[in-house]
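The structure under discussion appears below in the form of structure tokens.
The values are calculated or read from the model by the stated rules, or taken from the named source; none is laboratory data. Not measured: the values here are computed from a predicted model. All Cβ positions, glycine included, derive from the backbone under ideal geometry; neighbour counts span all protein chains shown. We work out accessible area using only protein heavy atoms, side chains counted, and drop any ligands, DNA or RNA first. Shrake-Rupley method; radii C 1.70, N 1.55, O 1.52, S 1.80 Å.
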Amino acid sequence: MKKAGIVLLIGRPNVGKSTLLNTLVGQKVSITSPKPQTTRFPIRAVFEDERGQLIFIDTPGIFKKAEDVLSRAVNRKTLATLDEEFDVVVYMVDPTRARSFEEGRVLGIVRKLNKPVILVFNKMDLETKHMAEYTFIQDEVAATYKISALKDKHIKPFIEDVFSRVNREYPLVDMTDSVTPALNMNSRLFLQEIIREKVYLFTREEVPYKVGVAVEEIKERDNGSLYIKAVIYTVDKRYRGMLVGRQGKMVKEIGMAARKELERSTNKKVFLDLRIEANHHLQEMLN
Ligand SMILES: Nc1nc2c(ncn2[C@@H]2O[C@H](COP(=O)(O)OP(=O)(O)OP(=O)(O)O)[C@@H](O)[C@H]2O)c(=O)[nH]1
Ligand SMILES: [Mg+2]
């Protein structure tokens, strides 16, 4: 008989939580980047096969010290998720990077969750020089798996284990009419996230953390193409300048990469009307 369950994905920033979610559900539902704190709110998506249904909650990585408004808000959202319902915890670790106080903070949180914990060592396709620093965690958890979320390697036994630990009635959500496995993401939000991902990919230092994206208009034209009007907000003029770039080069690059991806995912020709605006009140409302 089919069954279902809710799985919490938790770990430091940049360990590959969102990459795993995308690999599992077979399409991009959560943006990823080499920079920490890419995910800014928990993203829920459904994995479904003949065994049943698993709702995965991809949380933003927990920062050691959340000093700025954005990091504080993001950490708060992750911590609030811990009060919600879930059956299994997937604690993801990146053994290519040294353990730090930040890991200690995540481990402290994981220890208090009264649910079975599956430890997942990710990025096993790379040289995992710091593995020895993390192996002690194996003694505290229900099971350990070594995977590559990016290369889709060794994920089967891990998922089998997750299914063995859940027991909710199937289905948890009716997905028959859903076009996407994502549960808390509409098309506007998805467009905003894709644009924000490109900001993370192309800009440097603190710029990504000073940016929010708003899609103001989505229009399907008669010829089947898609017109999207969006604005990248940033906290002040200095960042605005960096986002525009020399002779508008940066915004052009961000726009082009976003447009290409949107064309691929919608199978439509996309016109992306993108502008940059400085807004002093932004820090409080970054998405
Ligand atoms: N080589 C390799 N890279 C990976 C793997 N998984 C993720 N990455 C890369 O690691 C970086 C971070 O991945 P994300 O999925 O954004 O990490 P995250 O844990 O969601 O990060 P936050 O949202 O910031 O908490 C990206 O550049 C990914 O491509 C993997 O298995 N192998
Ligand atoms: Mg993420």
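Using a Förster distance of 30 Å, how high is the FRET efficiency between Glu140 and Ser265, based on the Cβ-Cβ distance and rounded to 0.05?
0.15
Hey, with R₀ at 45 Å, roughly what FRET efficiency would Glu50 and Asp236 work out to, going by the Cβ-Cβ distance, to 0.05?
Once the sixth-power term is evaluated, E becomes 0.25.
Any chance you could run the full-extension gain for Tyr170 through Glu206? It's 0.36 nm times the residue separation minus the Cα-Cα distance, nm to one decimal.
Gain on stretching Tyr170 to Glu206: 8.6 nm.
Could you derive backbone 3J(HN,Hα) for segment 216-223 from the dihedral phi with the Karplus parameters 6.51, -1.76 and 1.60 (θ = phi - 60°), listing whole Hz in sequence and x where the residue is Gly or Pro?
9, 8, 10, 10, 8, 8, 4, 7
Could you work out how much longer the chain between Lys156 and Gln247 gets when fully extended? Use 0.36 nm per residue separation minus the Cα distance between them, nm to one decimal.
Extra length available between Lys156 and Gln247 comes to 27.9 nm.
Quick check: from the Cα gyration tensor, does segment 187-285 come out rounded (a/c under 1.5), prolate or oblate?
Here segment 187-285 falls in the prolate category.
Going by Cα centres, segment 114-140 and segment 192-222 are how many Å apart?
Centre-to-centre (Cα) distance: 33 Å.
For the chain, which DSSP H helices look membrane-span-like by this rule: Cα extent along the axis of 20 Å or more and mean Kyte-Doolittle of at least -0.5?
For the chain, where a helix must reach 20 Å along its axis and average at least -0.5, the hits are 187-202.
If you count the DSSP beta bridges with both ends in the chain, what percent of them are antiparallel, to the nearest 5?
Counting only bridges with both partners in the chain, antiparallel ones make up about 40 percent.
By the gyration tensor of its Cα atoms, with a ≥ b ≥ c the square roots of the eigenvalues, what is the shape of segment 105-167: rounded for a/c under 1.5, prolate for a/b over b/c, or oblate?
oblate
Which percent, to the nearest 5, of DSSP beta bridges fully inside segment 3-169 are antiparallel?
So the antiparallel bridges in segment 3-169 amount to around 30 percent.
Highest GNM mean-square fluctuation, the chain, Cα pairs closer than 10 Å: which of Arg97, Arg259, Arg12?
Arg97
I want to verify a result. In a Gaussian network model of the chain, Cα cutoff 10 Å, which of these has the top mean-square fluctuation: Lys249, Lys198, Lys77?
In this elastic network of the chain, the residue with the biggest mean-square fluctuation among Lys249, Lys198, Lys77 is Lys249.
Which order do peptides 165-171, 48-54 fall in by mean Cβ count within 10 Å, highest first?
Answer by packing, highest mean first, reads 48-54, 165-171.
Pull up the DSSP beta bridges for segment 1-62 and report the antiparallel fraction as a percent, rounded to 5.
Counting DSSP beta bridges with both partners in segment 1-62, the antiparallel share is about 50 percent.
For segment 3-169, what is the accessible area per residue in Å² when the probe is 1.4 Å?
On a per-residue basis, segment 3-169 sits at 42 Å².
Which distance in Å, rounded to a whole number, links the C-alpha centroids of segment 1-28 and segment 166-186?
Taking the Cα centre of segment 166-186 as reference, the centre of segment 1-28 is 14 Å away.
What percentage of the solvent-accessible surface of the chain, computed with a 1.4 Å probe over protein heavy atoms, is contributed by carbon and sulfur atoms?
The C+S portion of the solvent-accessible surface of the chain is 50 percent.
Run the numbers for Lys77 and Lys64: contour at 0.36 nm per residue of separation, minus the present Cα-Cα distance, in nm.
3.2 nm
Please check: in the Gaussian network model of the chain (C-alpha springs, under 10 Å), which one of Asp68, Asp152, Asp87 has the largest mean-square fluctuation.
In the Gaussian network model the winner is Asp68.
What is the ratio of the Cα radius of gyration of segment 3-169 to 2.2 N^0.38 Å, where N is its residue count, to two decimals?
0.95
Quick one: which residues, 5+ away or cross-chain, put their amide H under 5 Å from the amide H of Met124? H built at 1.01 Å from N.
For Met124, the qualifying residues are Ile147, Ser148, Ala149.
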